[in-house]
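Quick notes on the structure that follows.
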Amino acid sequence: MIPVANRVAGLRPTAVNSILAEVRATPGPLVSLMRGEPDLPTPAHIVEEAQKALANGRTMYPDQRGEPRLREAIADKLIRDNGLRYDPATEILVTTGGTFGIYAALAAMLNEGDAVMVPDPVYDAYLSPIRLTGAVPVAVPSAIANGRFVLTVEALEAVWTPQCRALLLNTPWNPTGTVLTRKELEDIAVFCERHGVTIISDEIYEAIVYEGHEHISPATVLRDRSVVVNALSKTYCMTGWRVGYVAAPAEFTRAMLLVLQQSSRGPATFVQDAAAVALSGPQDCVAAMRAEYSRRRELVLSTLPNMLAPEGGFFAMMDLRHLGIPSDMIRKRLLEEFGVVVVHGAAYGPGGEGTLRVSFASGGETLDRGLAKLNQALRSL
Ligand SMILES: Cc1ncc(COP(=O)(O)O)c(C=O)c1O
């Protein structure tokens, strides 16, 4: 038998992975409103750039910080979209998707016994990387108020301990759909300053924000204590390309570079060329994508009852707390009796109990059939 490290014992598959295993074992035609994978193709001009780069022999090792052209494009994008100024030479790294950016930030920051505050409900793929570093996640309970999940400073204060090094959050917030407001971020920033907590800010859904809401990077209110993590995965429908980036003050970026150099060494060179074109080329593909998700969101909200209208992202939470049934039980019945796959809110922490996460990352016939089945199921629950 090959021994497995103790620190791996605390790692768990994500909720989506566990449900996928159940789905594979469930017979019959199923329709899935579960995953966070855009069903739209990568825009043609980005694909063409990768093909051109491949044909031109852009297949050797990339610069370990990320190809200079891509780091320049990221720096320009951060100014254009976020009003943030980062030096492409010293404050930006290119990573293998957002996932590696989060890992690099955690690995560069945490010591054994440290703690990382995460919102509850949480994008559950944050938990195992925190544990892998020897740190522990600390859940910050959120509340549903006025139709949206909110994270208050009182809740942060209530769970804070001197071991808390970082607050790892995402806005727009998967799974809840909340987009944190400037006021909320300013309050969180004051809390972070008071306790010397760094924000690791996952902004992967930044481009998918609906009318009346605005994505604000926490770094605009707390630049010296923020690590910005982002990826092209959702904005440019590039989930399989595995390309993202981090931006942070130079000294911390150097630490993340050490982690990156000893592990992933970044995405393929030709992928980085395509990513540079995605960020600096025409952005009408992003507007078209946002319009498509906006249509799907309207369809979901007008078809299903008890929905919390998402402010951003492509997930909507259905609030079934009044039924008093554990969300996992509801999810299982939806799967086994009605053939529709969603994620139970409790999979993301106790704060999600009583809710279901419905994804509209897939549209068209899948969404139509899924919504019809969900409606039919809800009538019988
Ligand atoms: C909040 C959040 N962060 C990060 C990721 C993963 O990003 P990437 O595919 O770029 O690694 C996801 C994917 O679903 C996500 O929902």
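PRO88 meets all of the listed conditions (1) in contact with a Lys or Arg (Cβ under 6 Å, 6 or more places away or on another chain); (2) within 16 Å of the ligand (Cβ to nearest atom) but one, namely (2). Counting only helices (runs of 4 or more DSSP H) that sit wholly inside segment 1-103, those with at least 2 residues that are within 28 Å of LEU168 (Cβ to Cβ) are 6-9, 15-24, 68-82.
For segment 95-117, a tally of residues being surrounded by 22 or more Cβ atoms within 10 Å (Cβ to Cβ) and within 11 Å of the ligand (Cβ to nearest atom) returns 8. For segment 309-318, the criterion of being in contact with a Ser or Thr (Cβ under 8 Å, 6 or more places away or on another chain), touching a residue at least 12 places away in the same chain (Cβ under 8 Å) and closer than 22 Å to ILE79 by Cβ is met by at least one residue. Checking the condition hydrophobic (A, V, I, L, M, F, W, C), under 21 Å from GLY36 (Cβ atoms), outside the structural domain of HIS322 (by TED's automatic domain parsing) and in contact (Cβ under 8 Å) with a residue 24 or more places away in the chain, which residue from ILE92, ILE74, ILE102 passes? Matching residue, one of ILE92, ILE74, ILE102: ILE102. Between ARG369, ARG357, ARG379, the distinction of being part of a strand (DSSP E or B) and either in contact with a strand residue (DSSP E or B) (Cβ under 6 Å, 6 or more places away or on another chain) or at pLDDT below 95 (or both) belongs to ARG357 only. Looking at segment 276-286, is at least one residue more than 30 Å from ARG148 (Cα to Cα) and outside any helix (DSSP H, G or I)? Checking segment 276-286: at least one residue is more than 30 Å from ARG148 (Cα to Cα) and outside any helix (DSSP H, G or I).
The values are calculated or read from the model by the stated rules, or taken from the named source; none is laboratory data. Only a predicted model underlies this, so the values are computations on that prediction, with no experimental measurement involved. Cβ sites come from the backbone with ideal geometry, for glycine too, and all protein chains shown count toward neighbours.
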